[in-house]
1. Based on what the data block shows, is residue 244 in contact (Cβ under 8 Å) with a residue 12 or more places away in the chain, over 21 Å from the mean Cα position of the chain (by Cα) and part of a loop (DSSP other than H, G, I, E, B)?
2. Report, ordered by the first and then the second residue, all pairs with beta carbons closer than 7 Å, sequence separation of six or more or different chains, a first member in the range 382-407 that is over 12 Å from residue 116 (Cα atoms) and part of a loop (DSSP other than H, G, I, E, B), and a second member that is modelled with pLDDT under 95 and of a type in the set (Phe, Trp, Tyr).
3. Any idea which of (1) at pLDDT 95 or above; (2) out of contact with any Gly (no Cβ under 8 Å at 6 or more places or on another chain); (3) crowded, with 16+ Cβ neighbours inside 10 Å; (4) among the hydrophobic types (A, V, I, L, M, F, W, C) is the one residue 398 doesn't satisfy?
4. Residues that are touching a residue at least 12 places away in the same chain (Cβ under 8 Å) and closer than 23 Å to residue 108 by Cα: which helices (runs of 4 or more DSSP H) entirely in the range 292-362 hold 2 or more of them?
5. Out of everything in the range 125-140 that is small (Gly, Ala, Ser) and under 22 Å from the mean Cα position of the chain (by Cα), what residue ends up being surrounded by the fewest Cβ atoms within 10 Å (Cβ to Cβ)?
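The values are calculated or read from the model by the stated rules, or taken from the named source; none is laboratory data. What you see is a predicted model, and the numbers here were worked out from it, not measured in a lab. Positions of Cβ are generated from backbone atoms using ideal geometry, with glycine treated the same way; all protein chains shown enter the neighbour counts.
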Amino acid sequence: MAMSFSASAEFALTDGEVLSSTRNDAFSFWKLPEDWRSELKSQIDSSETVAQTYLLEQYLDDCERRPPKLMRAYYPFKRLIPREVRYYLNSLVIRSRSKRSFPHWPCESELIDFWRTWLSRSLEAVGVKDGWHIGFWPGGAKCSIVLTHDVESPMGFDRMKRMADLEESYGFRSAWNLPLAQYPIDWKVVEELRSRGFEFGAHGLCHDGRLFRNRKIFDELAPTIERIAAEHDMRGFRAPSTLRRAEWIASMAFDHDSSFSDTDPYEPQAGGTCSIFPFFLQNMIELPYTLAQDHTLIEVLKRDPLPVWVTKAHWIASLGGMVLALTHPDYIGASPYLEKYEELLKHLQAIENSWRALPSEVSAWWRARAKLQLETGGNEPHIFRTDGNRSAAAAKPMRLSEEPLAR
């Protein structure tokens with residue numbers, strides 16, 4: 001059974017409220033009892049250093065944490081190259097890369113293993129075999145499911161309604177990321193889908209590779225992206241082609257970002273955060289996409305996308321993580337791949353005790369969870385907000401022994 005919460009309303013920060021905790025340390029990840037904090041202080045501080053190595057892709061060389069120079073030569077000629085030839089060349093380049101052993105694809109568990117090991121050692125340090133933490137998802141949900149799309153062309157835009165109807169028929173709503181200056185946007189269509197519970201985010205201005213080319217260009221383009229996005233109430237961002245510079249994205253005026261993967265060696269800028277959970281990118285919430293992109297599977301690897309999607313989705317759900325799909329109506333908005341997407345929706349619908357959420361809702365929840373504290377006086381767990389306001393009713397204390405990720 002899927003779980004539904006009005007997280008964007010319930011957990012949104014009030015105007016002017018400053019988030020007090022934006023850390024990615026292991027204690028903040030698990031949200032353990034506050035009376036354990038002082039005893040675990042040294043382990044907490046060191047854990048954030050380790051976590052950031054993965055989350056900010058610091059295991060990569062500096063040059064690999066920015067768009068590759070080859071992209072600069074490619075984008076000026078992109079529109080002159082026929083679509084099928086472009087896909088063939090992209091596939092050829094990506095397939096010719098040296099194979100990396102890390103991060104593993106499609107499932108990477110090294111950060112998960114770190115969270116588990118850290119927790120086990122912390123339980124030993126405080127002298128207990130079991131304990132409580134604040135559940136990862138509202139209402140004690142087992143996992144979260146988030147559907148997102150990047151709409152790269154007028155053809156993709158025209159296919160949105162059909163895909164939205166399909167998602168709605170299975171009890172889902174999704175987020176659509178639009179490039180704000182690549183083609184004319186019919187804002188009436190946007191508002192119609194919004195009225196049905198879908199949401200929209202900014203996908204940069206154009207797929208031209210310019211945004212992260214250098215800081216001067218970024219500083220020129222980012223304000224335009226932010227202005228247009230604000231005019232149309234777009235709170236989320238995803239960089240075109242998922243090209244990225246973490247520190248630059250974190251400076252943008254968005255609530256949440258989804259430009260990073262958990263693991264993706266097939267994008268122009270390969271890498272991954274190794275995380276199947278949200279995390280803080282300074283004051284922004286990062287929502288890494290955790291299912292392989294449709295374009296990767298269909299055009300680059302020439303594979304049936306469904307088996308990879310389903311296997312990964314069930315793996316994430318078994319660990320209590322966030323299943324976040326990134327698909328494009330340009331590729332899967334029509335037969336034969338629309339039927340593959342429908343099969344994915346059927347599998348996702350069958351995942352029990354899942355929270356079907358929009359990106360803005362997950363972001364709002366993760367922020368709210370960061371502001372909660374767990375107290376276990378008298379062995380009875382109680383959750384409190386650190387700002388002294390009301391408790392969050394949907395936050396649930398969970399036994400660590402019952403948490404799949406802790407096993």
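1. Details: in contact (Cβ under 8 Å) with a residue 12 or more places away in the chain: yes; over 21 Å from the mean Cα position of the chain (by Cα): no; part of a loop (DSSP other than H, G, I, E, B): yes.
Answer is no for this residue.
2. Matching pairs, first to second residue: 391/384; 392/11; 394/5.
3. The failed condition is (2).
4. Values: elements: 305-319, 329-332, 337-349.
In the range 292-362, 305-319, 337-349 are the helices (runs of 4 or more DSSP H) which contain 2 or more residues that are touching a residue at least 12 places away in the same chain (Cβ under 8 Å) and closer than 23 Å to residue 108 by Cα.
5. Step one: filter the range 125-140 for residues small (Gly, Ala, Ser), giving 125, 127, 131, 135, 139-140.
Now drop any that are not under 22 Å from the mean Cα position of the chain (by Cα), which leaves 135, 139-140.
Values: 135: 22, 139: 14, 140: 16.
In this case the residue turns out to be 139.
Every residue, every condition in (1) in contact with an Asp or Glu (Cβ under 8 Å, 6 or more places away or on another chain); (2) within 30 Å of residue 102 (Cβ to Cβ), yes or no:
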residue	(1), (2)
190	no, no
213	no, yes
234	no, no
243	no, yes
264	no, yes
271	yes, yes
274	yes, yes
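Per-residue answers, yes or no, for (1) at pLDDT below 95; (2) loosely packed, with under 14 Cβ neighbours inside 10 Å; (3) under 17 Å from residue 191 (Cα atoms):
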| position | (1), (2), (3) |
| --- | --- |
| 114 | no, no, no |
| 120 | no, yes, no |
| 142 | no, no, no |
| 147 | no, no, no |
| 166 | no, no, no |
| 171 | no, yes, no |
| 174 | no, no, yes |
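One line per residue, one yes/no per condition, for (1) out of contact with any Pro (no Cβ under 7 Å at 6 or more places or on another chain); (2) hydrophobic (A, V, I, L, M, F, W, C):
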| residue | (1), (2) |
| --- | --- |
| 273 | no, no |
| 277 | yes, yes |
| 284 | yes, yes |
| 293 | yes, no |
| 300 | yes, yes |
| 332 | yes, yes |
| 338 | yes, yes |
